[in-house]
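Note sheet for the following structure.
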Amino acid sequence: MALAYLLYFGQLGVLTPYLAMFLDGRGLNSVEIGQLLALITLTRILGPNLWANLADRSGKSLGILQIGAALALASFFVIFVADGFWGLTLCFGLIMMFWTAIMPQMEVITLNSVAGDAHKYSRIRLWGSLGFILLTISAGRLIDWFGTEVLLVICLALLAALLLVSTRLREPEQLPDNSPHTGSIWSKLKSPVFLGFILALCLLQVGFGPYNSFFTLFMKDLGYSGMQTGLLLSLGVLAEILIFLKAGRLIQLFGIKWMLLISLALTVLRWTLLANFAHLPWVLIATQCIHAASFGLTHATAIQFIHRYFGRRYQSRGQALYVSLAGGLGGALGNFGAGLLWQQGQGATQAFLAAAMVVGVSLVVILLIPSRHLECASEPVR
C-alpha cells in the first residue's frame, strides 16, 4: 500500500502544482484555466459516489481501484492530441472521472488493513507525501529542461506503475461491523454535526483555490524557476509528512475540534501572508511550513472522523462523500473563483485575501459545533 500511495500522490505532485502551467503553455488564459480546473473538479462530485456505490455493493474495493487505474491510463493518451479549451476540458474531465475511483478505495483498504489505527494509517499515508515531494521536484527540473509537455510523459509512466502495483495488492479480510445500524446513510448525512463538519471542510477547499490553481504561475511571476518552485512545494509536503507521524497522537490528546480550529486559524494566517508579503522569501518558507496544518492535520482528522462516523457499513460511500463534497464541490468553487480574481496575476493579492476570509468562515462553523457533539461522533483514536 505504501508504494501505491507514493505513486498516486506522485501523480498529484505533477498535476496539482503544474497543470496550470501546462494549460498556460497550451495557450489558455487565467479565466479559462480557472474554469477548466473547476469543471474537471466537478467530476469529483459524481465520480467518487458512483464508484463507492459499486464498491460497497460488491465488497470489492480493490477491483474498483484497479478498474479506475486502468481506465485513467487508457484515457490519458487522448491528451496528446487534444487542443483548445473544450477539448482539454473534456479529456481531463474523463481522466478525472476514472481517477476518482482510486483514492476512496485506497483509504478503505488501508484503514481496514490497519483496523482503523490512526498511527499505522499515518505511517503508510506519509509515503504518499514522499511521492509528492519526489515528483514535484523532479517535474520542476524536467519542465526547466524540456518544457511543460513533459508532464504528459511523466503522468503516463506513473499511471502505468500504479496499475502494475495494484495487481500485487490484496483485499483485506472483512471484519464484522460493530457500529450500530441505526437508519440509512441519509440519516447520517442529515445530522447537524456531519453537515457542519463537511461545510467547514468544503470551505477550506474553496480557500485552497488560488494556491492549487495558480501558485506555480505566481512563483514564475515572482521570478522563481521551476526547480525553486518545486523545492518550495516540497517543503510544504515535508511539513505534512512530519505532522502525519504525530497526527494520531495529537488527535488523541486534543480532539477533533481543537485540531481543526488550530489548523484553520493557521490557514487564515497563511493566505493572509501570501496576499501581502509573498515577495519575501522567508514568508514563502513560513507559509509552506503551515501546509502541515492546512492540509496534513485537517486531512488526517477528517479521514478518521469519516471512517468512524460512517462505520464499515457505509465506509466507501463515506470516504467518497468526503472527497466529492469537500474536494469536489469545494475545489471546483475555489478554482472557479480564483480564475475570476487572478487576472493574469494582477489580482493575486485579492485572490489570497478572499481565500483567507473563506477559511475564516470555516473556522467559525467549527467553533459553533459543540465539542461533545463533534467528539462523540468518533471512537477514541488509537
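If each residue of separation counts as 0.36 nm, what is the full-extension length gain between residue 77 and residue 3 once their alpha-carbon separation is subtracted?
24.3 nm
Among residues other than residue 230 whose Cβ falls under 13 Å from its Cβ, what is the net charge (Lys/Arg +1, Asp/Glu -1)?
Within the 13 Å Cβ shell, the charges total +1.
So for the stretch 10-120, averaging the separation of alpha carbon pairs under 8 Å that are six or more residues apart and normalising by length, what relative contact order in percent results?
Value for the stretch 10-120: 33 percent.
Stokes-Einstein diffusion coefficient for the stretch 71-169 at 10 °C in a medium of 1.306 mPa s, Rh from the Kirkwood formula over Cα pairs: what value in µm²/s?
In µm²/s, the coefficient rounds to 103.
Do you know the relative contact order of the chain, to the nearest whole percent, from alpha carbon pairs under 8 angstrom that are 6+ apart?
30
Summing Lys, Arg as +1 and Asp, Glu as -1, what charge do residues with Cβ under 15 Å from the Cβ of residue 344 carry, residue 344 excluded?
-2
How much net charge surrounds residue 8 when only other residues with a Cβ under 12 Å from its Cβ are counted (Lys, Arg +1; Asp, Glu -1)?
Residues close to residue 8 contribute a combined charge of 0.
What translational diffusion coefficient, to the nearest whole µm²/s, does the stretch 230-283 have by Stokes-Einstein, given a Kirkwood radius computed over alpha-carbon pairs, a temperature of 37 °C and 0.692 mPa s viscosity?
257
Just for the Cα atoms in the stretch 226-360, what are the lengths along the principal axes, largest first, rounded to whole Å?
49, 30, 28
In 5 Å bins starting at 0, how do the alpha-carbon pair distances of the stretch 1-126 split up by percent?
P(r) for the stretch 1-126, in whole percents per bin: 2, 10, 18, 21, 18, 13, 9, 6, 2, 0.
Quote to one decimal, in nm, the extra length available between residue 191 and residue 53 on full extension: 0.36 nm per residue of separation minus the C-alpha distance between them.
Stretched fully, the residue 191-residue 53 segment lengthens by 47.6 nm.
How would you classify the stretch 256-298 from its alpha-carbon gyration tensor, with a ≥ b ≥ c the square roots of the eigenvalues: rounded for a/c under 1.5, else prolate if a/b is greater than b/c, otherwise oblate?
Prolate is the answer for the stretch 256-298, as a/c is 1.5 or above and a/b outweighs b/c.
Give the whole-number value, in cubic angstrom per residue, of the convex hull volume spanned by the C-alpha atoms of the stretch 286-361.
Roughly 99 Å³ of hull volume per residue.
I need the peptides 293-300, 38-45 ranked by packing, meaning the mean over residues of other C-beta atoms within 10 angstrom, with the highest value on top.
The peptides rank, most packed first, as 293-300, 38-45.
If you take the Cα atoms of the stretch 130-173, find Rg, then find the Kirkwood Rh from the mean of 1/r over all pairs, what is Rg/Rh?
1.15
GNM on the chain, C-alpha springs below 10 Å: top fluctuator among 71, 37, 195?
195
Considering only Cα-Cα distances, which of the following residue pairs are longer than 28 Å: 190/246; 190/257; 220/257; 120/220?
In this structure, 190/246; 220/257; 120/220 exceed 28 Å between Cα atoms.
Rg to Rh for the stretch 47-99: what is it, with Cα atoms only and Rh by Kirkwood?
Looking at the stretch 47-99, the ratio lands at 1.09.
What percent of all Cα-Cα pairs in the chain falls into each 10 Å bin, going from 0 up to the bin containing the maximum distance?
Result returned by the calculation: 5, 25, 37, 25, 8, 1.
What part of the accessible area of the chain, given as a whole %, is carbon or sulfur when the probe is 1.4 angstrom?
Its accessible area is 69 percent carbon and sulfur atoms.
Any idea what diffusion coefficient the stretch 188-272 gets from Stokes-Einstein, in µm²/s, Kirkwood Rh on alpha carbon pairs, 37 °C, 0.692 mPa s?
The estimated diffusion coefficient comes to 216 µm²/s.
Please compute the per residue accessible area over the chain with all protein chains in place, 1.4 Å probe, rounded to a whole number of Å².
40
Let a ≥ b ≥ c be the square roots of the eigenvalues of the Cα gyration tensor of the stretch 132-291; is it rounded (a/c under 1.5), or, if not, prolate (a/b larger than b/c) or oblate?
It comes out oblate by the Cα gyration axes.
The values are calculated or read from the model by the stated rules, or taken from the named source; none is laboratory data. Since the structure is predicted, the reported quantities are computational estimates derived from the model, not experimental observations. When we count neighbours, we look across all protein chains shown, and the Cβ atoms used for this are built from the backbone with ideal geometry, even at glycine. Please note that ligands, DNA and RNA were not included when accessible areas were found on the heavy atoms of the full protein model with its side chains. Shrake-Rupley method; radii C 1.70, N 1.55, O 1.52, S 1.80 Å.
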